[in-house]
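The values are calculated or read from the model by the stated rules, or taken from the named source; none is laboratory data. The shown structure was predicted, so the numbers you read here are calculated from the model rather than taken from an experiment. Cβ placement follows ideal geometry from the backbone for every residue including glycine, while neighbour counts extend to all protein chains displayed. Note: areas computed on protein heavy atoms with side chains; ligands, DNA, RNA excluded. Shrake-Rupley method; radii C 1.70, N 1.55, O 1.52, S 1.80 Å.
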Amino acid sequence: MYYRTHISVKNLNVSYGSQKVLNDISIDIPDKKITAIIGPSGCGKTTLLKSFNRLLELQEGVSIKGQVLVDGEDINDPNVEVTHLRKKMGLLFQRPQVLPMSIYENVAYGPRLHGIKDRKALDDAVSHYLKEATLWDEVKDRLHKPASRLSIGQQQRLCLARGLAVEPEVILGDEPTSALDPISAERIERKLLDLKNRYTIVLVTHILRQARRLADYIIFLYMGNLVEHGPVEDFFENPKDPKARAYISGQFIESSDA
Amino acid sequence: MDRRNLEEGFFKIIMAGSAIITVMSLIFILSTVFIKGLPALSIDMIIKTPQGGYYIGREGGILNAILGSLAIGTGATALALAVSLPVVFYLHIYRRKKSKFSKMVRFFLDVLWGVPSIVYGAFGFTVMIFFGLKASLIAGIFTVALLIIPIMARSIDETLRMIPFEMNESCLALGSTRWELAAKVITRQAFPGILTAALISFGRGIGDAASVLFTAGFTDYIPYSLFKPVATLPLAIFFQLGTPFPEVRQRGYASALVLTLLILAVSVVARLMSKKFVRNIIK
């Protein structure tokens, strides 16, 4: 199957201090598909995800070598505006992190940053993206109440609305359903499936079934190495690497070469 | 009773005793000031300046010192805030947490915190002389600002430490610059803490005598110019208590009562206001 590439990682090496986290990763992330990064805890999933929007460089003592190309452009090039790069990517965290302001202001935050000042345009954007994140009906009467009063599931949808409101091309999710109850998780999952025709989506998940339900493409990391990647059917039906096979079937991975 | 029980009882009594001594000392201080000061406190004392040509005499009031202290406290707090906020934002948002530079700045602030206020007074005096300035409101404001900057900066620093790193990340992920993160998000989240830090520093600054002794001077007039001396409550108390006249000494206690009430009011306001502003805060 042929995929158009949106994000391209070339020989990416990341270490925190003396500890190597990602080891020579090269991978292409397909455009307008859901890609799931899976693997055991501490294998570098989140690190890989955060390298896409350069959030990684905020980490303590991190050193990054290699290239990440977004739309063919090296994101570490000195000419790239980091704010512009990040605007292209909406990010959902494990635990939703709303901003200390009202529901309305949370969604309007991004559009305001990127230059929308007109009240009417902001109102429209807020209602549009809250509807997009299926939160509108629950909050339309209390838009100016603090966002912190929402339930955690609602906060995650608010974060989705906030992320979409900057009009990104990519949605990054770092286990975005893991702190949510099953119903809230399902709403987020449905929404992601619904959004994948318009956005490139990259999810970190440790839930294999979730990867299988949502993803088109799988990246399997183990101890900082890219072990296997491929379309979801191939990966789950016919994994080539013994580690991937063991991980899928829920066995311990023999760490002979680790 | 065996040895371990005795030991347990002995240390428990020491601990409870220390707690009681702490509470009692506050009560004793407050009651001394109230008992000795309240009879001499009158409306005249609060709304009039000293009368009769005599330094803090038997007539008139201490309006000069009240207004002078408020002017120095407010000015110094504003100035200290203008320095502390950038310092702390720089440490938290532009520098990594464990950077050598941040550690050094924090260490310096801690050392400055421990410098006695008379040293600030002496330093302020030297600088004043150097610039050919006389004892004045502006010199007092600068010196007191120096005194409270470490207190304010370290208190705000502690507040900002409580902010989850994910908040910075999620804000930057939306395409904020670091400055926008500081101005639009961190300031809001930390607002109650910043306010508390400012008011604590105000209280500390308004109550300090040694730093204003040489720098602000003293006068019977209410403050009217940045470049003229101003009176302050701690010095008014100092001068009043130092006189041989019992009724003037009693007025000294009344001045102490005014100062105490002022600081008490500030801390009550600080608590109320920080409650009011937690509405949007993410816990």
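Observations on the structure shown:
- Residues of the stretch B:228-242 satisfying the condition of being of a type outside the set (Phe, Trp, Tyr), without any contact (Cβ under 8 Å) to a residue 40 or more places away in the chain and out of contact with any Gly (no Cβ under 7 Å at 6 or more places or on another chain): B:Gly242
- The set of residues from the stretch A:110-133 being buried (at least 24 other Cβ atoms within 10 Å of the Cβ) and at the interface with chain B (Cβ under 10 Å from one of its Cβ atoms) comprises just one member, A:Gly110.
- Helices (runs of 4 or more DSSP H) fully within the stretch B:158-270 counting 1 or more residues that are among the small types (Gly, Ala, Ser), within 13 Å of chain A (Cβ to nearest Cβ) and within 24 Å of B:Pro86 (Cβ to Cβ): B:165-173, B:187-206
- Residue in the stretch B:80-92 that is away from chain A (no Cβ under 14 Å), more than 25 Å from the chain's Cα centre (by Cα) and open to solvent by less than 70 Å² (accessible area, probe 1.4 Å) present: no
- Just one residue in the set B:Phe227, B:Phe218 is surrounded by fewer than 17 Cβ atoms within 10 Å (Cβ to Cβ) and either under 15 Å from B:Gly140 (Cα atoms) or at pLDDT below 90 (or both); that residue is B:Phe227.
- Residue that is nearest to the other protein chains (Cβ to nearest Cβ), among those in the stretch A:70-89 that are within 19 Å of B:Arg178 (Cβ to Cβ), among the β-branched types (Val, Ile, Thr) and not in a loop (DSSP other than H, G, I, E, B): A:Thr83
- Filtered by the rule that a residue be open to solvent by 50 Å² or more (accessible area, probe 1.4 Å), at pLDDT 90 or above and of a type in the set (Ser, Thr, Tyr), the stretch B:256-270 gives no residues.
- Scanning the stretch A:45-69 for residues being within 14 Å of chain B (Cβ to nearest Cβ), in contact (Cβ under 8 Å) with a residue 40 or more places away in the chain and aliphatic (A, V, I, L, M) gives a total of 3.
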